[in-house]
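Have a look at the structure below before the remarks.
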Amino acid sequence: MNRLLPLPRWARLAAFTLLIVVACLLVAPTGYAQDVEPEGLVPGKTVTYQQTIPVNVVFVGFDRADVDVATFRAGLPATYEPIVRYPAFYGLEGRDMGLRFNFDYRTVFTDAAFEDDFFGYLASIATPGDPTLFQQLYNGMASNVRDVTGPVGYIDGPSAEQWLMTAGRQRLGINPDRSYTIYYINWYDRPDFQFHVYTKTDSPDPDTGYNFGLLRPSRKMVAWGGSHGRTWFYDLSAGPDSWTGNYDVDNADVDGDGEADYRIPVIWEYAAGGYRDPAALSSDLGLVTRYVGVNLLFTTSPLYDPLVAAPGPDGQRVAHIELFNLHRLSNAADWIDMDMIQAEYESFQPYYDWQFVLDNNRRPAPVGVRQAVRIGGGLSEREDCWVDYGTTDAEYYCFFDEHYADFVPEYGPHDYVATVFGFNGALSNMGNVPLGFADDNWRDGTQSYVFMFDGPEIRSSGYGFTTTAIHELGHHFGLSHPHDGYDSTSGVDYDPSGDFYFAWLGDEAHSMMSYIDVAWEFGPFDRDNMYRYEFAGYLNWSNEMLDDVLAHPDRAAVRDLVAAGREHARTAERAFRQWDYLTAATHARLAYEAIATAAQTLGIATPAFATETLAPINGTVPRFIDPIR
Ligand SMILES: [Zn+2]
């Protein structure tokens with residue numbers, strides 16, 4: 001393998017340049033990056049790893065006259081560069097993520113044969129039922145243009161997604177392994193139309209057995225994707241539904257925050273005298289493509305820096321869950337499934353050596369803990385550490401930060417420990433608590449501890465600790481929700497309210513980070529994003545360390561480690577280009593382990609251990625609290 005030869009840098013550069021020239025002569029211009037031998041590590045450089053992302057937008061059941069493609073395309077971003085979102089709330093830049101995506105959009109209108117087959121399939125799998133609660137509420141509106149009449153078809157969302165994905169590959173030439181696809185659907189104009197909603201009913205809560213997808217009218221949906229691959233559909237002729245708020249055509253402010261909420265109505269409301277001017281359809285679909293598809297599902301920005309949670313080269317990733325019982329009638333440990341949490345993370349990020357620890361304090365919680373929980377939940381304003389932060393919301397963080405060593409044992413010096421504090425109690429002792437939140441350090445947007453809440457009332461809403469723990473750890477390790485995010489082109493960070501209310505659509509997807517409670521796994525969008533963050537992050541950390549390693553007088557002693565690191569980096573880069581992001585993250589981590597071991601051998605500091613901050617407290621930054629829904 002000639003790439004292992006220690007060629008001088010000028011020779012490698014010359015060879016690299018020659019390869020590019022030859023490749024450009026031989027292949028189509030857009031393909032050249034796939035064929036050039038990866039460079040691997042670049043000592044001392046922060047590399048921006050670029051990728052061209054094909055985004056297919058398929059209109060199923062729309063006339064060409066319905067959608068003005070130029071207007072639709074006008075709002076779409078050309079590129080996306082992820083940022084670490086939380087530090088930005090403090091006015092800080094966060095680590096350079098080293099990623100840039102260039103979008104290549106393709107729009108397709110399906111033909112009559114495709115539509116006959118697709119809507120025939122939907123009709124064949126639809127289970128008839130009464131209109132949903134929210135369809136009935138829609139019928140009761142003063143300004144709805146028509147009523148939803150039964151029987152309504154209840155259609156399995158993942159099955160519809162799979163049909164589209166297969167047909168897209170076979171009949172539209174879409175390669176779902178190397179692209180993302182949105183299907184916009186309109187059944188309404190056809191004679192075989194029936195009112196319908198989408199469901200997913202196979203995933204009850206693992207602790208309570210409560211089946212949100214089956215039992216809750218609010219989980220009857222208009223969109224779905226991510227159960228089978230890089231495909232998401234949004235059916236404008238389904239619903240109306242609760243989640244996206246489009247059942248309410250009378251009230252401008254549907255969430256009561258004093259702001260008009262921009263929603264995407266069902267297709268028949270795009271009408272003269274309807275909720276929306278028909279001319280707005282093209283730009284509305286552009287908004288959904290940009291602010292839901294691209295920004296929240298396909299190429300997202302992390303809430304926290306995933307590399308903060310990186311174990312050292314020989315360290316484990318530990319999830320330590322410390323449970324407190326605030327009443328005697330139930331045992332917190334009965335409402336958490338550690339095996340499920342562990343299995344999910346071992347599947348999601350198999351390149352870490354995981355350790356999951358449960359410490360259930362069966363004895364009544366200490367007075368200090370009870371007091372901190374009462375303050376955090378708004379039941380007490382007793383003076384405590386929160387005073388320095390200007391808000392009682394900080395009490396959980398500051399109390400458990402001060403008393404951390406009283407509860408959590410020491411782990412290995414190279415382990416990364418994600419600590420979850422869980423409280424099992426009645427709301428009368430906990431106050432106005434959410435399901436949980438992954439807090440930051442109140443100084444610079446670095447993740448700190450996870451807090452989660454359960455008890456008799458919360459369980460009667462359907463929630464145990466397990467899914468909250470997986471979701472909040474998902475934030476702690478970096479992931480954002482599929483309903484809030486960052487728009488790279490404008491620099492705007494948004495949540496699903498006001499002008500961006502329609503971003504709730506992103507929750508109708510297979511993601512552990514959704515609020516919709518019908519799928520408890522990290523889906524392909526979560527995986528693609530996390531793996532790309534870690535791929536670019538670990539390679540750039542390796543680039544940084546390698547510069548110091550190569551400048552060290554004893555560098556010969558670590559020659560084999562450096563060669564192994566370089567080889568893993570090339571494997572990672574090759575896999576990244578082939579959209580095999582798991583392999584890319586795995587080998588980027590291995591490259592980091594090799595180069596960090598070399599650095600440690602030489603006594604060079606590694607970036608994993610350089611995170612302490614002395615920035616002043618800032619209590620004015622927005623918090624990401626996950627409510628009980
Ligand atoms: Zn959340």
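The values are calculated or read from the model by the stated rules, or taken from the named source; none is laboratory data. Keep in mind that what you see is a predicted model, and the values were worked out from it rather than measured. With ideal geometry, Cβ positions are generated from the backbone for all residues, glycine too; neighbour counts draw on all protein chains shown. When the accessible area is computed, the model is the full protein with side chains, heavy atoms only, and any ligands, DNA or RNA have been set aside. Shrake-Rupley method; radii C 1.70, N 1.55, O 1.52, S 1.80 Å.
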Got a number for residues in the range 338-373 being charged (D, E, K, R) and buried (at least 17 other Cβ atoms within 10 Å of the Cβ)? 2
In this structure, does Asp257 turn out to be in the same structural domain as Thr71 (by TED's automatic domain parsing) and surrounded by fewer than 16 Cβ atoms within 10 Å (Cβ to Cβ)? yes
Pairs under 9 Å by beta carbon, first residue more than 17 Å from Asn540 (Cα to Cα) and of a type in the set (Ser, Thr, Tyr) in the range 575-602, partner open to solvent by 10 Å² or more (accessible area, probe 1.4 Å) and modelled with pLDDT of 95 or more, six or more apart or different chains? Thr601/Asp554; Thr601/Ala557; Thr601/Leu561
Taking the criterion of being open to solvent by 20 Å² or more (accessible area, probe 1.4 Å), in contact (Cβ under 8 Å) with a residue 12 or more places away in the chain and assigned to a loop (DSSP other than H, G, I, E, B), would at least one residue in the range 401-408 satisfy it? yes
I'd like to check something: does the range 442-451 contain any residue that is surrounded by fewer than 18 Cβ atoms within 10 Å (Cβ to Cβ) and under 25 Å from the mean Cα position of the chain (by Cα)? yes
So, of the residues in the range 501-510 that are open to solvent by less than 10 Å² (accessible area, probe 1.4 Å) and touching a Phe, Trp or Tyr at 6+ places or on another chain (Cβ under 8 Å), which turns out to be nearest to the ligand (Cβ to nearest atom)? Asp507
Residues located in the range 71-111, provided they are in contact with a Ser or Thr (Cβ under 8 Å, 6 or more places away or on another chain) and small (Gly, Ala, Ser): Ala74, Gly75, Ala78, Gly98
Out of all the residues in the range 457-485, which are more than 13 Å from the ligand (Cβ to nearest atom) and outside any loop (DSSP other than H, G, I, E, B)? Glu457, Ile458, Arg459, Ser460, Thr466
Options Phe535, Phe576, Phe525: the member that is within 16 Å of the ligand (Cβ to nearest atom), in contact with a helix residue (DSSP H, G or I) (Cβ under 7 Å, 6 or more places away or on another chain) and in a helix (DSSP H, G or I): Phe525
Here are the criteria: (1) without any contact (Cβ under 8 Å) to a residue 40 or more places away in the chain; (2) surrounded by fewer than 19 Cβ atoms within 10 Å (Cβ to Cβ); (3) over 26 Å from Asp334 (Cβ atoms). Tell me which single one Thr392 does not satisfy. (2)
Kindly check whether there is at least one residue in the range 436-456 that is assigned to a loop (DSSP other than H, G, I, E, B), assigned by TED's automatic domain parsing to the domain that holds Tyr397 and within 13 Å of the ligand (Cβ to nearest atom). no
Given the conditions (1) out of contact with any Lys or Arg (no Cβ under 9 Å at 6 or more places or on another chain); (2) more than 24 Å from Pro87 (Cβ to Cβ); (3) open to solvent by 10 Å² or more (accessible area, probe 1.4 Å), every one holds for Thr300 apart from (2)
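State yes or no: is Leu379 part of a loop (DSSP other than H, G, I, E, B), more than 16 Å from the ligand (Cβ to nearest atom) and without any contact (Cβ under 8 Å) to a residue 60 or more places away in the chain?
Values: part of a loop (DSSP other than H, G, I, E, B): yes; more than 16 Å from the ligand (Cβ to nearest atom): yes; without any contact (Cβ under 8 Å) to a residue 60 or more places away in the chain: yes.
It is true that Leu379 is part of a loop (DSSP other than H, G, I, E, B), more than 16 Å from the ligand (Cβ to nearest atom) and without any contact (Cβ under 8 Å) to a residue 60 or more places away in the chain.
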Within the range 234-289, tally of residues that are touching a Pro at 6+ places or on another chain (Cβ under 8 Å) and of a type in the set (Gly, Ala, Ser): 4
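Sort out which residues of the range 494-515 are among the charged types (D, E, K, R) and more than 15 Å from Ile182 (Cβ to Cβ), and write them in order of number.
Hits for the range 494-515 are Asp495, Asp499, Asp507.
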Checking Gly431 against (1) on the phi < 0 side of the Ramachandran plot; (2) more than 14 Å from the ligand (Cβ to nearest atom), only one condition comes out false. Which one? (1)
List every residue pair whose Cβ atoms sit under 6 Å apart, with the two residues 6 or more apart in sequence or on different chains, where the first one lies in the range 329-345 and is under 15 Å from Asp359 (Cα atoms) and the second, anywhere, is hydroxyl-bearing (Ser, Thr, Tyr) and open to solvent by less than 20 Å² (accessible area, probe 1.4 Å). Ile336/Thr466; Asp337/Thr466
Take the residues of the range 392-426 that are out of contact with any strand residue (DSSP E or B) (no Cβ under 6 Å at 6 or more places or on another chain) and over 16 Å from Ala372 (Cβ atoms): which is farthest from the ligand (Cβ to nearest atom)? Pro413
Which pairs do you get when a residue that is outside the structural domain of Asn432 (by TED's automatic domain parsing), found in the range 617-629, comes within reach of a residue that is within 12 Å of the ligand (Cβ to nearest atom) and in a loop (DSSP other than H, G, I, E, B), reach meaning Cβ atoms under 6 angstrom, with the pair 6+ apart or on two chains? Ile625/Pro434; Asp626/Pro434; Asp626/Leu435; Pro627/Pro434; Ile628/Leu435; Arg629/Tyr515
Filter the range 106-125 down to residues that are within 14 Å of Trp163 (Cα to Cα), among the hydrophobic types (A, V, I, L, M, F, W, C) and open to solvent by less than 30 Å² (accessible area, probe 1.4 Å), then give me how many there are. 4
